Amino acid sequence: MLRITLHETDMATVIQLEGRIAGPWVEELRRTWRETFSQLPPTELALDLCNVTYADTNGIKLLKEIYTQSGAKLFGKTPWTH
């Protein structure tokens with residue numbers, strides 16, 4: 001299961017992810033990302049990975065795609081943010 005929450009502040013839009021970025025949840029994140037990206041205000045984007053417990057190969061690939069397209073800052077306690 002994957003929970004996706006958007007937080008907007010004056011300085012940034014934060015996409016908070018909790019759970020597993022794997023299997024069908026990769027496509028759910030991709031769908032949410034595509035819908036959100038076109039509507040993002042011109043602020044900094046951040047991906048909060050603090051509560052991600054696992055990402056499969058496709059999940060990691062999608063996180064890289066989001067990072068490449070948006071220049072998002074990644075933060076969390078996962079190997080992907082170090």
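The values are calculated or read from the model by the stated rules, or taken from the named source; none is laboratory data. A quick note: this is a predicted structure, and the numbers were derived from the prediction, not measured. Here the Cβ is made from the backbone with ideal geometry for all residues, glycine too, and neighbour counts use every protein chain on show. The area values use the complete protein model at the heavy-atom level, side chains included, leaving out ligands, DNA and RNA. Shrake-Rupley method; radii C 1.70, N 1.55, O 1.52, S 1.80 Å.
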query = For residues in segment 29-46 being closer than 14 Å to residue 8 by Cβ and surrounded by 18 or more Cβ atoms within 10 Å (Cβ to Cβ), which is modelled with the highest pLDDT?
reply = 46
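Every residue, every condition in (1) at positive phi; (2) at pLDDT 95 or above; (3) out of contact with any Asp or Glu (no Cβ under 8 Å at 6 or more places or on another chain), yes or no:
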| position | (1), (2), (3) |
| --- | --- |
| 14 | no, no, no |
| 17 | no, yes, no |
| 22 | no, yes, no |
| 58 | no, yes, yes |
| 68 | no, no, yes |
inquiry  = So the check is Cβ under 9 Å with 6+ separation or different chains; which pairs have a first residue in segment 48-70 that's more than 19 Å from residue 5 (Cα to Cα) and a second one that's part of a strand (DSSP E or B) and open to solvent by less than 50 Å² (accessible area, probe 1.4 Å)?
reply    = 56/21; 58/21
request  = Under 8 Å between Cβ atoms, at least 6 apart or on separate chains: pull out the pairs that start in segment 8-36 with a residue that is more than 22 Å from residue 77 (Cβ to Cβ) and end on any residue that is in a helix (DSSP H, G or I).
outcome  = 30/62
